[in-house]
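The values are calculated or read from the model by the stated rules, or taken from the named source; none is laboratory data. Here the structure is a predicted model, which means the values were calculated and not measured. Heads up, the Cβs are rebuilt from the backbone with ideal geometry, glycines too, and the neighbour counts pull from every protein chain shown. We work out accessible area using only protein heavy atoms, side chains counted, and drop any ligands, DNA or RNA first. Shrake-Rupley method; radii C 1.70, N 1.55, O 1.52, S 1.80 Å.
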Amino acid sequence: MKQLSHIDNTPSTPGKFKMEKSYRLRFHSPLAKLTFWSFVFLGLILVFFFRSPSSSPPAPLDLSRRSLRTHSWGGPTWEKRVRSSARVRSEHGISVLVTGAAGFVGTHVAAALRRRGDGVIGLDNFNDYYDPALKRARQALLERSGVFIVEGDINDMALLNKLFEVVAFTHVMHLAAQAGVRYAMENPSSYVHSNIAGLVSILEVCKSANPQPAIVWASSSSVYGLNTKVPFSEKDRTDQPASLYAATKKAGEEIAHTYNHIYGLSLTGLRFFTVYGPWGRPDMAYFFFTKDMLKGKSIPIFEAANHGTVARDFTYIDDIVKGCLAALDTAEKSTGSGGKKKGAAQLRVFNLGNTSPVPVSDLVSILERLLKVNAKRSIMKLPRNGDVQFTHANISSALRELGYKPTTDLQTGLKKFVRWYLSYYGSGKKSSQ
Ligand SMILES: O=C(O)[C@H]1O[C@H](OP(=O)(O)OP(=O)(O)OC[C@H]2O[C@@H](n3ccc(=O)[nH]c3=O)[C@H](O)[C@@H]2O)[C@H](O)[C@@H](O)[C@@H]1O
């Protein structure tokens, strides 16, 4: 704005003024006149259509940032890499397609599967919801352990069909999603695109595959929405989501039911409770609190009405990975083939939480001790943008069926996160966004 007003205020020179006044258009024929004005008119139309994007209103559907990019895939070298990465190396190993493999949970799960000798292929679109450099670093980590991440979108049916043509996956670990509760108000269509359309694409290719794989996928604790009864049990209602993010995850659970019912797909949904740890997501509070505390910036800590505590059942990544692997290992086979159901198939949903909610202000106190800095706390009213006041998982079902038993408390888990953060970014000199 400053620059613009500067240009506008530049006084016209007398010479300029003279030139404008003395300039006259002369045409030698009516045709020349017509041609001239046609060009002027055409020019105006072009200016109208191609004016600077900054002056036009924001596009209502901002999908371009998310994932509709084209990635290159295919060819003999690519197929060879896919086959090699998907090769099972242990006696009873499984062959897994991990979507969202360059994401936080995806990277950890893919690495754990590879360590025990399973065949793993990653799939990720490397979108810029948060710093893609962190996703590239995770990719490098996986590459070193022999996991190849295919670059592409889960909505790319041609790519999905090709992957299933090259590899007979026994399992799909579907973790690709548009995450984050608050961002749903900024870019709603990205949630529909990834969490609904993307899930359907994955289920479509799985239902047609022969053999059909078993699918384990990431739902969210946010489906419990405005429920007040704690701890949250899988039997509780999930029909009052507080954010579009939660609504798309809930929709995913219903879509899973449909594909299980019609096509005999074996489906397990995992309701993750605020997962944190090394290689985590920079959009999450524990991550950007660390970054901002090291920089001496103030951090917004939400509180509910009447100074009500806001708390989360923070769950450490290694516990989540164990839950994911147990879900894969206990998944029964899908029953359909050739797109037709042959019998009833398994349909499950589990809470994967820590069973011990911690107030956000306590999270900050732990970070203060670990980082040896005093946080500049700015207490704010819990915004009405999708956040719920608390989460608390009842994990008895996951314990019974998966043997899931979290062992990491927040203090221990954050210590590991901070150690990683400082080794990756340094103590504030290198930016994380
Ligand atoms: O478990 C889940 O279902 C969800 O967990 C997280 O969502 P959330 O629990 O909101 O995680 P954060 O965004 O890291 O927030 C953690 C806590 O910090 C609070 N917070 C967040 C941001 C902030 O500026 N200040 C603040 O006090 C939030 O209200 C919340 O209580 C993930 O971002 C979701 O993708 C995931 O599905």
State all residues of region 274-323 that are touching a Leu at 6+ places or on another chain (Cβ under 8 Å) and polar (S, T, N, Q); if no residue qualifies, say none. T290, T315
Just to be sure before I move on: is Y421 assigned to a loop (DSSP other than H, G, I, E, B) and under 26 Å from the mean Cα position of the chain (by Cα) in the structure I sent? no
Which members of region 345-358 meet the condition of being free of Cβ contacts under 8 Å to residues at least 60 places away in the same chain and either of a type in the set (S, T, N, Q) or within 9 Å of the ligand (Cβ to nearest atom) (or both)? S356
Output the residues belonging to region 299-332 that are assigned to a loop (DSSP other than H, G, I, E, B), of a type in the set (D, E) and near the ligand (Cβ under 10 Å from one of its atoms). D313
Here is a check on your reading of the model: is E165 closer than 30 Å to L226 by Cα, free of Cβ contacts under 8 Å to residues at least 12 places away in the same chain and not β-branched (V, I, T)? no
Members of region 105-116 found to be in contact with a Gly (Cβ under 7 Å, 6 or more places away or on another chain) and either modelled with pLDDT under 95 or open to solvent by 10 Å² or more (accessible area, probe 1.4 Å) (or both), listed by number: R114
Looking only at region 279-298, count every residue that is open to solvent by less than 20 Å² (accessible area, probe 1.4 Å), within 21 Å of D318 (Cα to Cα) and either more than 12 Å from the ligand (Cβ to nearest atom) or assigned to a loop (DSSP other than H, G, I, E, B) (or both) and tell me the total. 2
Of all residues in region 396-433 being modelled with pLDDT under 95 and open to solvent by less than 50 Å² (accessible area, probe 1.4 Å), which is nearest to T330 (Cα to Cα)? S432
Could you say whether any residue in region 147-163 is surrounded by fewer than 20 Cβ atoms within 10 Å (Cβ to Cβ), under 21 Å from the mean Cα position of the chain (by Cα) and farther than 21 Å from W73 by Cα? no
Filter region 283-308 down to the residues that are over 21 Å from V373 (Cβ atoms), of a type in the set (G, A, S) and touching a strand residue (DSSP E or B) at 6+ places or on another chain (Cβ under 7 Å) and list them by number. none
State yes or no: is S361 surrounded by fewer than 13 Cβ atoms within 10 Å (Cβ to Cβ), within 16 Å of the ligand (Cβ to nearest atom), under 17 Å from A285 (Cα atoms) and of a type in the set (S, T, Y)? no
Could you tell me whether region 260-273 includes any residue that is of a type in the set (F, W, Y), touching a residue at least 40 places away in the same chain (Cβ under 8 Å), closer than 30 Å to T170 by Cα and not in a strand (DSSP E or B)? yes
Selection count, region 374-395, where residues are within 12 Å of the ligand (Cβ to nearest atom), in contact (Cβ under 8 Å) with a residue 12 or more places away in the chain and open to solvent by 90 Å² or more (accessible area, probe 1.4 Å): 3
For region 208-251, give me each residue that is open to solvent by 30 Å² or more (accessible area, probe 1.4 Å), in contact (Cβ under 8 Å) with a residue 40 or more places away in the chain and over 19 Å from V192 (Cβ atoms). S208, N210, P211, L226, V230, P231, E234
Residues located in region 79-104, provided they are free of Cβ contacts under 8 Å to residues at least 60 places away in the same chain and either open to solvent by 10 Å² or more (accessible area, probe 1.4 Å) or in a strand (DSSP E or B) (or both): K80, R87, V88, R89, S90, E91, H92, G93
Looking at region 140-238, what strands (runs of 3 or more DSSP E) fall wholly within it and have at least 2 residues that are over 21 Å from F126 (Cα atoms)? 214-220
